[in-house]
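Throughout, read-outs are computed from the coordinates displayed, never taken from laboratory work. Quick caveat: nothing in here was measured; it's all calculated off a predicted structure. Glycine also receives a Cβ, built like all others from the backbone with ideal geometry; neighbour counts cover every protein chain displayed.
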Amino acid sequence: MVVKITEIKENLKYLSELEDAARACAQCGQCRVANWPSKGIFYSCPVYKSDVISKFEPLNPRGKNIILKGLFRGDLKLSQEISDLIFQCTLCGLCEEICFNSQNENFDFPMAGIMDHVKVYEALRADLVEAGFPIESQVPMNKAMVELLNPYERDNKDKLDWIKELDFKVKDASKEDAEMLYFVGCTSALTPQIQRVAVATAKIFNKLGIDFSVFGEHEVCCGSVAMRTGDRKSFEKTAEENVKFFKDRGIKTIVTSCAGCYRTFKKDYGDKLEGIEILHSVEYLRNLIAEKDMKLKQLDIKTTYHDPCHIGRHMGIYEEPREILNKISDLVEMKTNRNGAMCCGAGGGVRKGFPELSLDLAKNRVKEAEETGAEYLVSTCPFCYRNLSDAIEELNSNLKMIDLVELILKAIN
């Protein structure tokens, strides 16, 4: 038996480091039918809510956690079948928010303090990938991230394209010093419909006299996609390259428009970026507006805000975007918001691995946004922007997708 346990733990290298957290689920099943109105939670797992897939037990959090225990007991072995189940999850973290045992203030569930579903599922994915069971469509993405510096299999020089739309010079962070580095991120820099986010952000910085720089063609992917899809080797390579780049250039402050980049730098890099301040553009601008006591123009529009999982549930940024939106628009909340917000469906590698499922999740979120009667669906994440835009088009919705910085630019003008 000792040999068997040793063998199991060797195969579960990453998961074994989180064994207590992986075993913490009480298997009550509350997460399948979550309805907690006082917390603003009305649905359970967004994947389990989708009609694109069956209501098969392993596709909800309880089922996944039963698989985890089966792996630790040796009743199950890592396989492609398990990989296909575990990767049909956006890693949004709603399952932990709706866990009645861990979140109920009326009683003390002993394992509540160590629960971390997202971290546990990421660890299992890493073990699955190392065992030779990746999601095939995600392999080229992570390979390109290392070899081409971006996961879109594009020439990284294309990250300069959005700068051509500016009528002012932007400093090159690889050779020019500036007070702040604007880390654009691969999606904002390389996706035509979302480059407007980078353009608007740079215009705001320029208008406010902020001394900033960008890495442009030298910008290395933050590594988020590799971390979410279990390719730890690729993640470590990119992280190492970024840390060296930032420290060699003496970067002290990094501001990014991307929720994924923000979460990755601030959380997944651990203490590697110690001494460097990491801010999402919304945090940075909200602080700047308050500091300068800036008067923003009321835009006379009705908006609803989508909380990106990576800066919302994962990092606790809920009020900063709302504070700005309330100043410049008529903000109406969706039924699920803040820590109970439904995921857009793009995260965790789902868009790349299971595109039909990803789009269906986005369509569910857009339908919820339509119920508010808002004109604009606002977010602060390029992944959400892209997926929700596709859903709006698919549904032939009258909603307009927009990033908060685009509205801030209008309000400043």
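I need the calculated FRET efficiency for the pair residue 240 and residue 114, taking r as the beta carbon distance and R₀ as 35 Å, to the nearest 0.05. List each step's numbers first, then the result.
Numbers: r = 29 Å, r/R0 = 0.83.
In this case the efficiency is close to 0.75.
Where does the Debye-calculated log10 I(q)/I(0) of the range 2-133 sit at q = 0.12, 0.19, 0.20, 0.21 Å⁻¹, using only Cα point scatterers of equal weight, no solvent? Here log10 of I(q) over I(0) equals -0.46, -1.08, -1.18, -1.28. Remark: for residue pairs 49/400; 169/203; 39/119; 9/77; 233/267, the C-alpha separation exceeds 19 Å in 49/400; 39/119.
For the range 297-412, give the magnitude of the charge dipole about the Cα centre (Cβ charges: +1 Lys/Arg, -1 Asp/Glu; no others), in debye to the nearest 20. Provide the component values of the computation, followed by the final result.
Working: 15 positive and 18 negative charges, 42 e Å.
The calculation lands at about 200 debye.
Shown here are the Rg and Dmax of the Cα trace of the chain, at 21.2, 70 Å.
Both radii are taken from the alpha-carbon atoms of the range 215-323; with Rh as the Kirkwood radius, Rg/Rh is 1.02. Cysteines in the chain that lack a partner Cβ within the 4.7 Å cut-off: 25, 28, 31, 45, 89, 95, 99, 186, 221. Charge dipole of the range 1-118 (Cα centre as origin; +1 on each Lys and Arg Cβ, -1 on each Asp and Glu Cβ, all else neutral): 260 debye, rounded to the nearest 20. With 22 Å as the limit, write out which pairs from 207/297; 157/272; 302/327 have Cα-Cα distances beyond it, or answer none. Those over the limit are 157/272.
Ranking 350, 65, 226 by how far each Cα lies toward the positive end of the dipole of the chain (charges on Cβ) leaves 65 at the top. For the chain, the longest principal axis of the C-alpha atoms and the axis of helix 281-291 are separated by about 50°.
A simple packing score, the average count of other Cβ atoms within 10 Å per residue, orders the peptides 103-110, 32-39, 348-355 as 348-355, 32-39, 103-110, with the highest score first. Evaluated with a Cβ-only charge set (Lys, Arg +1; Asp, Glu -1), the chain carries a dipole of roughly 200 debye about its Cα centre, given to the nearest 20. Restricting the calculation to Cα atoms, the range 297-412 shows an Rg/Rh of 0.95 when the hydrodynamic-style radius is the Kirkwood one.
Taking chymotrypsin sites (Phe, Trp or Tyr not before Pro) across the range 151-216, the ones in a DSSP loop with at most 14 further Cβ atoms lying within 10 angstrom of their Cβ are 168. For the range 143-251, the direction-averaged projected area of the alpha-carbon convex hull comes to 6.6 nm². The separation of the range 192-237 from the range 43-62, counted between C-alpha centres, amounts to 32 Å. Once C-alpha pairs closer than 8 Å and six or more residues apart are averaged by separation and normalised to the residue number of the chain, the relative contact order reads 17 percent.
Tell me the mean residue ellipticity at 222 nm calculated for the chain from its helices only (DSSP H runs of n ≥ 4, each -39500 (n - 2.57), averaged over every residue, nearest 500). Intermediate values should be presented prior to the final figure.
Details: 21 runs with 182 residues, N = 413.
Rounded to the nearest 500, the figure is -12000 deg cm²/dmol.
Rounded to the nearest whole Hz, the Karplus-based 3J(HN,Hα) values (6.51 cos²θ - 1.76 cosθ + 1.60, θ = phi - 60°) of the range 227-237 follow the sequence 5, 5, 9, x, 8, 5, 5, 5, 4, 4, 4, with x at glycine and proline.
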